[in-house]
Amino acid sequence: MTDQRTIDPSTLPKHFDAPAAEQRWDETWQERGLYHYDPSRPREETFVVDTPPPTVSGSLHVGHVFSYTHTDLVVRYQRMTGKNIFYPMGWDDNGLPTERRVQNYYHIRCDPSLPYEEGLTFEAASAKVRKKRPRLVSRPNFVEACQQLTREDEKAFLALWRRLGVSVDWRQEYATIDDHCREIAQRSFLDLHQKGMLYNSDAPTLWDVDFQTAVAQAELEDRELDSTFNDVAFGVEGSDEEFVISTTRPELLPACVGVACHPEDERYAHLVGKRAVTPLFRVPVPIFTSDLVEKDKGTGILMICTFGDQTDVIWWREQKLALRQIIGLKGRLLPVSYGTEGWESLNADAANEAYAALEGLRPVQAREKVLELLGEASAAATGSEVPLRAQKKIKHAVKFFEKGDRPLELVPTRQWFCRLLDRKQDLLNKGDEIKWHPDFMGHRYRVWTENLGLDWCISRQRYFGVSFPVWYALNGEGQPNYDEPLLAGVDTLPVDPTVTPPAGYEESQRGQPNGFMAETDVFDTWFTSSMTPQISSHWQMNGERHKALFPADIRPQSHEIIRTWAFYTIAKAMAHEDVVPWKHVLISGWILDPDRKKMSKSKGNVIVPTELLDKYTSDGVRYWTANARLGVDTAFDEKMLSMGKRLVTKLFNASKFVLAQEGPVKPITNELDRGFCHELLAVVKEATASYEEFEFSPALRATESFFWARFTDSYLELIKARARNEEDPEGRGSAIAALRLGLQVLLRLFAPVLPYITEEVWSWIFAEETGQASIHGAAWPSETDFAAVEAPADPGGFGIAVSALTAINRAKTSAGVGVGRGIVTMVLHARQADHDRLAPVLGDVLAAGRVQAHTLQANEELAEGEFELSDVEIAPKPPKPPKPAKG
RNA sequence: GGGCGCGUAACUCAGUUGGUUAGAGUGCCACCUUCACACGGUGGAAGUCACAGGUUCGAGUCCUGUCGCGCCCACCA
């Protein structure tokens with residue numbers, strides 16, 4: 001019989017040195033390849049994560065820490081259950097935010113007409129350089145600049161993830177602009193095109209005048225704006241009659257192409273079929289009815305302009321109205337000429353004169369000008385002709401690009417679309433096949449899908465993105481044939497059509513009659529990021545790997561991108577292979593500031609993650625995030641972070657105590673020890689069930705409350721004496737064995753949340769003892785750990801002991817002494833049944849309470865499990881032990 | 001306008017399928033140098049479970065309505 005291996009606490013630091021441990025263990029884990037995916041193991045044993053690729057051009061914020069830790073908690077649990085983990089990391093670097101940042105940082109602009117310049121380098125622009133005009137560079141050069149800067153940004157993210165202990169397999173790293181991702185995205189395009197799901201068309205499209213690009217429905221955002229209903233009088237052709245419409249966009253008056261009222265509106269019924277005449281521009285336009293008109297909004301009759309809103313587009317199409325586009329791609333009023341075809345007017349000269357004052361203005365400026373003109377006309381007129389009648393202030397929702405600063409306009413442009421509207425029901429069905437956590441988040445997906453109004457506009461007029469693998473043949477006049485685009489061959493991907501000519505053409509034919517031209521648009525960034533599961537699985541490129549990694553097990557993400565990232569990923573997986581891309585979606589909530597407002601840079605309430613880690617350590621921060629349930633927003637609360645740090649310290653100290661107890665190796669036979677193990681097993685089961693549902697928070701709660709209340713505060717106190725009692729080797733060995741089992745199991749229960757402290761303690765003795773070098777490679781606790789421990793005779797025996805000890809502590813506290821003080825004598829009252837239950841563990845209770853003599857007394861009036869003391873004689877304070885001589 | 005979520009102690013939050021006296025941590029009060037830990041321990045006070053009805057032997061939990069907060073969605077006249 002050998003003694004247990006122990007540690008010498010005096011060789012350990014007084015406090016856990018978290019920063020040193022974080023660095024040391026992270027390096028060790030990377031070196032050992034602890035997080036590596038093993039492609040040789042079958043799919044059933046594999047747990048695949050579709051990690052969100054963070055936008056690297058954005059700064060790090062506490063929300064990143066929050067949601068990525070949530071994923072890591074789930075992953076670390078799964079790893080401990082023996083799963084082969086596939087946990088990649090991508091960087092989402094293509095897209096507008098990156099472009100904006102690169103333009104500012106290097107002070108450059110992209111001019112796609114320029115040729116590529118070999119060996120062009122970029123440096124951060126000085127203040128002096130910034131005063132000059134930005135340097136114009138070719139698209140490939142601009143893309144290089146973007147790649148250069150994003151690589152820098154990625155380093156900061158990587159450092160944060162490493163320190164946070166996010167257990168990613170860094171060999172599975174990708175960037176959404178790298179060749180691999182570009183190839184996957186272009187393959188996706190070709191596959192969808194081949195399946196007839198793509199089309200390009202020249203039609204009114206939501207257009208951001210600042211970014212100068214089309215945007216998709218999913219990127220819209222409503223913003224409440226102050227506006228004004230302006231009452232404007234319209235004439236009726238061939239009559240003196242007038243009617244009044246209310247408009248918030250008088251600047252579109254020159255683009256008016258129709259007037260509509262509700263079919264059951266008697267006020268205007270006599271006008272239907274006649275033509276209205278617009279004020280100022282004297283344009284005759286048809287008056288028709290539509291159910292879409294609300295009788296009690298404004299004056300109940302309205303003007304249709306090309307284009308004020310999406311309803312205008314509907315009417316314009318249905319009624320085959322004229323196209324009078326006055327707002328250009330740059331958001332200014334275009335030059336137009338009344339009296340020409342499509343720009344009919346009863347008085348072209350007056351119309352052109354009025355419009356001359358508007359040309360070149362922005363919509364807001366033009367609005368004022370039109371009102372001014374209407375006012376002048378009103379003043380000049382006599383009698384009944386009062387074009388501008390009244391104004392009414394209102395607030396209304398206006399559509400913005402979510403990243404934009406000015407309202408979107410509807411401008412006819414040629415764009416590529418992916419069909420969605422004809423597949424709504426299939427999309428809804430696919431959504432139902434996925435398990436959403438929490439499940440009400442699936443509702444968001446459903447609502448969004450049901451309300452889809454537009455096909456997905458996948459083309460963007462930007463530069464730093466994935467190119468369309470598309471050219472257009474030019475005819476003899478140099479006009480492109482958009483109906484039969486020239487597509488790249490799959491074996492030529494990834495391809496940049498602005499650099500490479502299509503098959504069958506020479507580069508010299510670019511832009512020439514009978515030659516070709518490249519599609520210069522790039523994909524919507526979601527077109528690429530909607531392929532993250534396939535990017536990881538090497539779809540179409542490695543069939544075996546794809547089979548092993550697709551569909552994924554989990555997709556963690558936040559709720560504001562359900563309509564984009566989750567939606568498009570589902571749409572793509574369905575279109576390509578008619579499957580769902582993952583089994584589960586895990587939605588993390590947001591971090592709110594202490595006032596429960598969303599944190600944002602503009603509010604200045606953003607918390608820098610690295611500062612948080614410095615102050616509260618990685619484990620402390622992870623503890624805080626682990627306390628939030630999925631889908632629930634969390635107010636930032638420094639106290640929770642302190643609690644995490646406190647837990648780490650307690651674990652460190654309790655571990656020191658447990659592993660310093662010397663004694664013989666013996667089986668766990670003592671009734672109290674068995675009772676303790678029995679309760680711990682229940683916690684193991686609870687935590688396991690919770691993690692199986694991806695709910696880390698209840699698991700942590702159960703583990704933590706057991707650790708504090710049952711392990712450190714109670715069990716450790718109850719067995720202290722026995723663990724050192726040399727006259728009772730069986731009891732002593734049982735106590736030490738149970739202590740170690742308890743600690744070992746608790747460490748593993750804590751391991752997903754607190755990877756550093758648990759690994760540190762594990763390394764002292766357990767690593768060698770179990771043959772498992774890392775706790776993160778150890779098995780998740782289960783019944784197996786307790787197989788050698790017999791069930792206690794009384795399952796509640798441990799609880800009884802704790803109650804009795806609490807009664808003793810209460811007596812000491814009310815006597816004003818510490819719990820360390822002895823009791824000379826006391827009478828312990830309880831129901832007879834409870835005395836009987838207490839008997840097997842009474843020795844430990846009396847020792848922990850330092851009770852020298854006692855009498856038991858039955859008292860059936862007490863509640864079940866309740867203990868009371870009377871006739872307590874507190875021991876006198878022991879004399880201070882002599883101070884050890886110095887030196 | 002429609003929908004989803006939330007409202008429990010001063011604060012942050014738990015509370016399984018309805019079931020004894022509603023819990024935890026923080027904070028607060030009192031006490032304790034204690035031999036793993038003062039980054040500690042012991043004990044205590046503190047709640048009209050937003051409000052109003054209803055179902056039930058029994059409601060924080062189920063139903064209806066109201067109020068408040070947050071979010072999502074909706075054709076901007």
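The values are calculated or read from the model by the stated rules, or taken from the named source; none is laboratory data. All values derive from a computational prediction rather than experimental measurement. Here the Cβ positions follow ideal geometry from the backbone for every residue, glycine too, while neighbour counts run over all protein chains shown. We work out accessible area using only protein heavy atoms, side chains counted, and drop any ligands, DNA or RNA first. Shrake-Rupley method; radii C 1.70, N 1.55, O 1.52, S 1.80 Å.
Any chance region A:305-313 includes a residue that's aliphatic (A, V, I, L, M), under 39 Å from the mean Cα position of the chain (by Cα), within 8 Å of RNA strand B (Cβ to nearest atom) and not in a strand (DSSP E or B)?
Within region A:305-313, not a single residue is aliphatic (A, V, I, L, M), under 39 Å from the mean Cα position of the chain (by Cα), within 8 Å of RNA strand B (Cβ to nearest atom) and not in a strand (DSSP E or B).
Among the numbered criteria (1) closer than 15 Å to residue A:16 by Cβ; (2) near RNA strand B (Cβ under 10 Å from one of its atoms), which single criterion is violated by residue A:619?
(2)
So, in region A:468-515, how many residues would count as being of a type outside the set (Val, Ile, Thr) and in a strand (DSSP E or B)?
Adding up the residues that qualify gives 8.
Go through the residues of region A:739-748 one by one and say whether even a single one is open to solvent by less than 10 Å² (accessible area, probe 1.4 Å), at pLDDT 95 or above, under 29 Å from residue A:163 (Cα atoms) and not in a helix (DSSP H, G or I).
Scanning region A:739-748, I find no residue that is open to solvent by less than 10 Å² (accessible area, probe 1.4 Å), at pLDDT 95 or above, under 29 Å from residue A:163 (Cα atoms) and not in a helix (DSSP H, G or I), so the answer is no.
Name the single residue, out of those in region A:355-401 being part of a loop (DSSP other than H, G, I, E, B), at pLDDT below 90 and open to solvent by less than 60 Å² (accessible area, probe 1.4 Å), that is farthest from RNA strand B (Cβ to nearest atom).
The qualifying residue farthest from RNA strand B (Cβ to nearest atom) is A:381.
Of everything in region A:207-248, what is of a type in the set (D, E, K, R) and under 37 Å from the mean Cα position of the chain (by Cα)? Give them in sequence order.
The answer is A:208, A:210, A:219, A:221, A:222, A:223, A:224, A:226.
Filter region A:852-870 for residues that are open to solvent by less than 50 Å² (accessible area, probe 1.4 Å), closer than 19 Å to residue A:718 by Cα and either touching a Phe, Trp or Tyr at 6+ places or on another chain (Cβ under 9 Å) or not in a loop (DSSP other than H, G, I, E, B) (or both) and give the result.
Answer for region A:852-870, where residues must be open to solvent by less than 50 Å² (accessible area, probe 1.4 Å), closer than 19 Å to residue A:718 by Cα and either touching a Phe, Trp or Tyr at 6+ places or on another chain (Cβ under 9 Å) or not in a loop (DSSP other than H, G, I, E, B) (or both): A:853, A:869.
Here's the yes/no breakdown for (1) in a loop (DSSP other than H, G, I, E, B); (2) aliphatic (A, V, I, L, M); (3) under 27 Å from the mean Cα position of the chain (by Cα); (4) more than 20 Å from residue A:622 (Cα to Cα):
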| position | (1), (2), (3), (4) |
| --- | --- |
| A:19 | no, no, no, no |
| A:25 | no, no, no, no |
| A:36 | yes, no, yes, yes |
| A:48 | no, yes, yes, yes |
| A:99 | no, no, yes, yes |
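All but one of (1) open to solvent by 30 Å² or more (accessible area, probe 1.4 Å); (2) within 19 Å of the chain's Cα centre (by Cα) hold for residue A:94, so report the exception by its number.
(1)
Looking at A:806, A:784, A:813, which is the one that is within 18 Å of residue A:835 (Cβ to Cβ) and open to solvent by 50 Å² or more (accessible area, probe 1.4 Å)?
One residue alone meets the criteria, A:806.
Report whether or not residue A:152 is at pLDDT below 90, in a helix (DSSP H, G or I), over 30 Å from residue A:776 (Cα atoms) and not polar (S, T, N, Q).
For residue A:152, the condition - at pLDDT below 90, in a helix (DSSP H, G or I), over 30 Å from residue A:776 (Cα atoms) and not polar (S, T, N, Q) - is met.
For region A:724-738: of the residues being open to solvent by 10 Å² or more (accessible area, probe 1.4 Å) and touching a strand residue (DSSP E or B) at 6+ places or on another chain (Cβ under 8 Å), which is nearest to residue A:674 (Cα to Cα)?
The qualifying residue nearest to residue A:674 (Cα to Cα) is A:732.
For the structure I just gave you, tell me whether residue A:653 is near RNA strand B (Cβ under 9 Å from one of its atoms), under 20 Å from residue A:166 (Cα atoms), out of contact with any Asp or Glu (no Cβ under 6 Å at 6 or more places or on another chain) and open to solvent by 20 Å² or more (accessible area, probe 1.4 Å).
It is false that residue A:653 is near RNA strand B (Cβ under 9 Å from one of its atoms), under 20 Å from residue A:166 (Cα atoms), out of contact with any Asp or Glu (no Cβ under 6 Å at 6 or more places or on another chain) and open to solvent by 20 Å² or more (accessible area, probe 1.4 Å).
I want to confirm something. Restricting to region A:760-778 and keeping residues that are open to solvent by 10 Å² or more (accessible area, probe 1.4 Å), assigned to a helix (DSSP H, G or I) and hydrophobic (A, V, I, L, M, F, W, C), which single residue is nearest to RNA strand B (Cβ to nearest atom)?
In this case the residue turns out to be A:764.
Quick one: what pairs do we get from region A:291-310, first residue within 18 Å of residue A:397 (Cβ to Cβ), second near RNA strand B (Cβ under 8 Å from one of its atoms) and part of a loop (DSSP other than H, G, I, E, B), C-beta under 6 Å, 6+ apart or different chains?
Close Cβ pairs satisfying both conditions: A:308/A:249.
Listed here are the residues, each with its yes/no results for (1) under 21 Å from residue A:370 (Cβ atoms); (2) surrounded by 20 or more Cβ atoms within 10 Å (Cβ to Cβ); (3) in contact with an Asp or Glu (Cβ under 7 Å, 6 or more places away or on another chain).
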| position | (1), (2), (3) |
| --- | --- |
| A:303 | yes, yes, no |
| A:306 | yes, yes, yes |
| A:318 | no, no, no |
| A:323 | yes, no, no |
| A:333 | yes, yes, yes |
| A:339 | yes, no, no |
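Just checking, how many residues over region A:1-31 are touching a strand residue (DSSP E or B) at 6+ places or on another chain (Cβ under 9 Å) and open to solvent by 50 Å² or more (accessible area, probe 1.4 Å)?
Count: 3.
For the subset of region A:445-483 comprising residues that are without any contact (Cβ under 8 Å) to a residue 24 or more places away in the chain and within 29 Å of residue A:219 (Cα to Cα), which member is least open to solvent (accessible area, probe 1.4 Å)?
Looking at the filtered set, the residue picked out is A:447.
Does region A:405-423 contain any residue that is of a type in the set (Val, Ile, Thr) and modelled with pLDDT under 85?
No.
Give me the residue from region A:627-641 that is assigned to a helix (DSSP H, G or I) and within 7 Å of RNA strand B (Cβ to nearest atom) and, out of that set, least open to solvent (accessible area, probe 1.4 Å).
Looking at the filtered set, the residue picked out is A:640.
Which of the residues that make up region A:76-97 are modelled with pLDDT under 95 and in a helix (DSSP H, G or I)?
A:96, A:97, listed by residue number.
Among the residues of region A:402-429, which ones are open to solvent by less than 20 Å² (accessible area, probe 1.4 Å), more than 11 Å from RNA strand B (Cβ to nearest atom) and of a type outside the set (A, V, I, L, M, F, W, C)?
Once the filter is applied, which keeps residues that are open to solvent by less than 20 Å² (accessible area, probe 1.4 Å), more than 11 Å from RNA strand B (Cβ to nearest atom) and of a type outside the set (A, V, I, L, M, F, W, C), region A:402-429 yields A:404, A:413, A:415.
Only strands (runs of 3 or more DSSP E) wholly contained in region A:516-590 count here; list those with 3 or more residues that are of a type outside the set (A, V, I, L, M, F, W, C) and more than 16 Å from RNA strand B (Cβ to nearest atom).
Here the list reads A:552-558.
If residue A:299 satisfies all but one of (1) outside any helix (DSSP H, G or I); (2) open to solvent by 30 Å² or more (accessible area, probe 1.4 Å), what's the number of the condition it fails?
Answer for residue A:299: the failing condition is (2).
Kindly check whether there is at least one residue in region A:697-706 that is at pLDDT below 95, out of contact with any Pro (no Cβ under 9 Å at 6 or more places or on another chain), assigned to a helix (DSSP H, G or I) and loosely packed, with under 15 Cβ neighbours inside 10 Å.
Yes, region A:697-706 contains at least one residue that is at pLDDT below 95, out of contact with any Pro (no Cβ under 9 Å at 6 or more places or on another chain), assigned to a helix (DSSP H, G or I) and loosely packed, with under 15 Cβ neighbours inside 10 Å.
Might you check whether a residue that is open to solvent by 50 Å² or more (accessible area, probe 1.4 Å), assigned to a helix (DSSP H, G or I), on the phi < 0 side of the Ramachandran plot and within 8 Å of RNA strand B (Cβ to nearest atom) occurs anywhere in region A:672-682?
For region A:672-682, residues open to solvent by 50 Å² or more (accessible area, probe 1.4 Å), assigned to a helix (DSSP H, G or I), on the phi < 0 side of the Ramachandran plot and within 8 Å of RNA strand B (Cβ to nearest atom): absent.
For region A:529-562, give me each residue that is touching a strand residue (DSSP E or B) at 6+ places or on another chain (Cβ under 8 Å) and of a type in the set (Lys, Arg).
Passing the criteria: only A:555.
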